[in-house]
1. Please work out the average accessible area per residue across the chain, using the 1.4 Å probe convention, and give it in Å².
2. Which of the residue pairs LYS58/LYS306; LYS360/LYS380; LYS230/LYS281; LYS212/LYS306 have a Cα-Cα distance greater than 31 Å in the structure shown?
3. Tell me the carbon and sulfur percent of the accessible area for the chain, rounded to whole percent, probe radius 1.4 Å.
4. Identify all aspartates and glutamates with a Cα-Cα distance to LYS320 below 14 Å; exclude those on the same chain that are fewer than 8 residues away in sequence.
5. In whole angstrom, note down how far apart the Cα centers of the range 337-388 and the range 138-169 are.
6. Using 0.36 nm times the number of residues separating LEU32 and GLU181, minus their current alpha carbon distance, what extension gain do you get?
7. Place +1 on the Cβ of every Lys and Arg and -1 on the Cβ of every Asp and Glu in the range 270-387, take the dipole about the Cα centre, and give the residue among SER336, ASN351, VAL272 whose Cα lies farthest towards its positive end.
8. When Lys and Arg each count +1 and Asp and Glu each count -1, what net charge do the other residues less than 11 Å away from GLY105, Cβ to Cβ, add up to?
Amino acid sequence: MLSEKSVRNKIVNQDIQNYINVNLNSDLHALLLKKSPFPDVSMQEIVQQIKGKQTAQKKFPFLLKDGIIFPPQLNLEQASSETTALYKSKILKGNRFVDLTSGFGIDAYYLSRNFNEVTLVEQNHELLDIVEHNWGILGREASFVNQNLEDFLSTNKEYFDVVYLDPARRDQNKNKVFLLEDLSPDILQIKDILLATADQVIIKLSPLIDLKYLISVLPGVFRIEIIAVKNDVKEAVVFLSNEKRDGITVNCINLESEESDFSFVFGEEEKVQAVYSEPEKFIYIPNNSILKAGVFNLISERFNLKKLHPNTHLYTSAQKADGFPGRVLEMEVVESKQIKKKGQFNIISKNYPLKPDDIKKKYGIKDGGDRYLIFTQSKKGKIILKSV
Ligand SMILES: C[S@@+](CC[C@H](N)C(=O)[O-])C[C@H]1O[C@@H](n2cnc3c(N)ncnc32)[C@H](O)[C@@H]1O
């Protein structure tokens, strides 16, 4: 059997690369049943490269280059996207950077670009080998350390400006449990040594993590980035430091969207109260990064908006507020009999007993178009709002 390295050398061969490119849109199940046309490379290995290129087209187009090698699917899934990595890179610079959970190295590639010395630590030998090969193609230098990060930290004598970690979920079945001790590495076990190793420790976490819990168990948190792409919250990134700083800044970011970002200091939400009202001319739907941050009263106060109901995170005003981090729609309250059968609307159901699919069936409405119907509750009870 050939070593991984020699398979890799074969894969970059032009004939095999041409075969991969020609089959980019082929049925991969059917392809797997065929015999490989190349004696030294199996069909599984070819399909792995095709899947890699397909993923790269959407998730990391900067890797669509001749000679780039792709790892197995799990490593592609675990990798950050180019979009979020690029965003994180813009807020970082310094001399020494280390990524302790390099994985496929997408975060490392972007985050380290404004640093002079870069170290990548990864326990998976095959994966790190692929990353080293790819960084060669991309013309980027780094020290590639194939070690368990706990061992690396216990012998490391260097001090870094930034230590970055993107822990893997230890158990795929536990993906509803987002406690730090369920991650690999267990951040709680290594938090002190991390803080002794760098000026800043930056950890990417699942967006499902509870922010209050995070702040209560991690020392030195001074910044949190909640990063959504097209209103889909992808990451909660937490920044720690030994340096004493005032307050924890939380930034709610919605990439690939025209909507404004929103920043606040952790704890502000508890100091303000929402004002309630029945719907006025404009209805505001906060984006998902705001909902994740849980600043339901704060956005009411900041934008001078009234909330429809304590459990309805929709807001209203008579005058249009600028810079709201979400959608703003001009709407009116309608009776259910005013809803035309066979109409076309985007249906939103919030704090309402029926789900959008039930509503579609009940009213015979088609989904889509540029008008909205919102089924919700104000303090007076159930209401329906329609775009004017
Ligand atoms: C979610 S992936 C990182 C993805 C990466 N940020 C990217 O953008 O490609 C996590 C990686 O951490 C590695 N890892 C987990 N625990 C580790 C440990 N204790 N020491 C070294 N690497 C570890 C896993 O092998 C995995 O490749």
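The values are calculated or read from the model by the stated rules, or taken from the named source; none is laboratory data. None of the values given here were measured: they were computed from a predicted structure. Neighbour counts run over all protein chains shown; Cβ positions are idealised from the backbone, glycine included. Side chains are part of the model used for accessible areas, which takes the heavy atoms of the whole protein and leaves out ligands, DNA and RNA. Shrake-Rupley method; radii C 1.70, N 1.55, O 1.52, S 1.80 Å.
1. Values: 19290 Å² over 388 residues.
Counting only protein heavy atoms, the per-residue value for the chain is 50 Å².
2. On the way: LYS58/LYS306 39 Å; LYS360/LYS380 24 Å; LYS230/LYS281 26 Å; LYS212/LYS306 26 Å.
Table pairs above 31 Å Cα-Cα are LYS58/LYS306.
3. Details: 8990 of 19290 Å².
C and S atoms contribute 47 percent here.
4. GLU280, GLU330
5. The range 337-388 and the range 138-169 have Cα centres spaced 51 Å from each other.
6. On the way: separation 149, 0.36 × 149 = 53.64 nm, distance 3.86 nm.
Extra length from LEU32 to GLU181 when fully extended: 49.8 nm.
7. Value: SER336.
8. -4
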